[in-house]
Amino acid sequence: MSRALDVATSLGVSLARLGSGAQVGALGARPEQPLALFEFEACPFCRKVREALSILDLDADVFPCPKRGPRFRLEVQRRGGKQQFPYLVDPNQGVEMYESDAIVAYLFERYGQGKPALALRAGPLTGISVHLASLWRPLRGAFYRTARQPAQPLELWSFEASPFSRLAREKLCELELPYRLHNVAKGSPKREAFVRRSGKMMVPYLVDPNTGKEMFESADIAAYLDQTYAIAQ
């Protein structure tokens with residue numbers, strides 16, 4: 001897929017969801033420890049949870065679970081008894097759960113102001129729009145590609161509605177590379193600290209502690225991940 005088509009279809013995903021996950025909403029208590037999310041980028045149900053994390057300005061340790069992935073799908077089955085996604089782990093409360101609507105409700109109750117954002121509680125309309133959004137890029141972030149595993153998780157600054165960030169997350173997912181997701185949607189209190197670190201407000205921004213690499217630009221990030229971790233078949 002050409003770069004222009006990649007960006008255009010990723011933008012289509014964001015437009016299909018009317019930009020949900022672009023803006024931080026009302027915040028509640030902050031978790032002491034990062035949440036853990038087992039998910040895969042192409043999954044429409046996972047999309048709802050990622051949007052909630054962006055709106056609530058929550059960081060998370062993401063364990064990508066692409067189809068045929070050999071690592072984290074088995075971990076979810078071990079923990080919960082089945083390979084179903086998304087799967088949330090909140091070590092602060094000892095909570096582990098399936099079902100996107102239940103996870104969204106839990107996150108807004110625990111870390112927001114109680115009621116989920118309208119885009120996440122519109123019933124059938126929410127369900128239809130997240131599925132339509134996935135049709136823009138149906139195979140991206142869906143299937144595992146053989147890859148080397150990093151000794152340490154990577155870090156990604158992103159937010160769900162950013163079409164460029166989506167391209168980086170898809171690549172991380174396809175290679176089953178775990179990473180710490182730092183959400184910095186518009187209005188995020190974390191943006192100032194991010195700019196101090198990176199030098200400017202632009203996402204995606206990848207940090208790989210295994211190699212010391214730090215970079216902007218989704219195309220550069222995707223190329224770097226392929227060169228560093230993908231194994232040719």
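The values are calculated or read from the model by the stated rules, or taken from the named source; none is laboratory data. What you are looking at is a predicted structure, and each value in this text was computed from that prediction instead of being measured. FYI the Cβ positions are ideal-geometry reconstructions off the backbone, even for glycines, and counts take in every protein chain you see. SASA here: full protein model, heavy atoms, side chains in, ligands and nucleic acids out. Shrake-Rupley method; radii C 1.70, N 1.55, O 1.52, S 1.80 Å.
The table for this structure:
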item	result
Out of Leu74, Leu58, Leu53, sole residue that is open to solvent by less than 10 Å² (accessible area, probe 1.4 Å) and more than 25 Å from Leu135 (Cα to Cα)	Leu58
Test: Leu172 is open to solvent by less than 20 Å² (accessible area, probe 1.4 Å) and assigned to a strand (DSSP E or B)	no
Looking only at segment 77-134, and only at residues there that are open to solvent by 30 Å² or more (accessible area, probe 1.4 Å) and touching a Pro at 6+ places or on another chain (Cβ under 6 Å), the one that is nearest to Cys46 (Cα to Cα)	His131
Subset of segment 35-50 [assigned to a strand (DSSP E or B) and surrounded by fewer than 22 Cβ atoms within 10 Å (Cβ to Cβ)]	Ala36
Checking Glu32 against (1) part of a loop (DSSP other than H, G, I, E, B); (2) acidic (Asp, Glu); (3) crowded, with 20+ Cβ neighbours inside 10 Å, the condition it does not meet	(3)
Cβ-Cβ under 6 Å pairs, at least 6 apart or on other chains, segment 45-61 side among the hydroxyl-bearing types (Ser, Thr, Tyr), far side not in a helix (DSSP H, G or I)	Ser54/Gly21; Ser54/Phe159; Ser54/Glu160; Ser54/Asn183; Ser54/Ala185
Yes/no for Asp57 being under 25 Å from Pro116 (Cβ atoms), within 16 Å of the chain's Cα centre (by Cα), of a type outside the set (A, V, I, L, M, F, W, C) and not in a loop (DSSP other than H, G, I, E, B)	no
Of the criteria (1) in contact with a helix residue (DSSP H, G or I) (Cβ under 9 Å, 6 or more places away or on another chain); (2) more than 25 Å from Cys43 (Cα to Cα); (3) among the polar types (S, T, N, Q), which one Ser158 fails	(2)
Single condition Arg148 does not satisfy, out of (1) of a type outside the set (Ser, Thr, Tyr); (2) open to solvent by 50 Å² or more (accessible area, probe 1.4 Å); (3) in contact with a helix residue (DSSP H, G or I) (Cβ under 6 Å, 6 or more places away or on another chain); (4) under 23 Å from Val203 (Cα atoms)	(4)
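Each row is one residue, and each column tells you yes or no for (1) assigned to a helix (DSSP H, G or I); (2) touching a residue at least 24 places away in the same chain (Cβ under 8 Å); (3) among the hydroxyl-bearing types (Ser, Thr, Tyr).
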{"position": "Glu155", "(1), (2), (3)": "no, yes, no"}
{"position": "Ser165", "(1), (2), (3)": "yes, yes, yes"}
{"position": "Ala168", "(1), (2), (3)": "yes, yes, no"}
{"position": "Glu176", "(1), (2), (3)": "no, yes, no"}
{"position": "Pro189", "(1), (2), (3)": "no, yes, no"}
{"position": "Phe194", "(1), (2), (3)": "yes, yes, no"}
{"position": "Val203", "(1), (2), (3)": "no, yes, no"}
{"position": "Asn210", "(1), (2), (3)": "no, yes, no"}
{"position": "Ala219", "(1), (2), (3)": "yes, yes, no"}
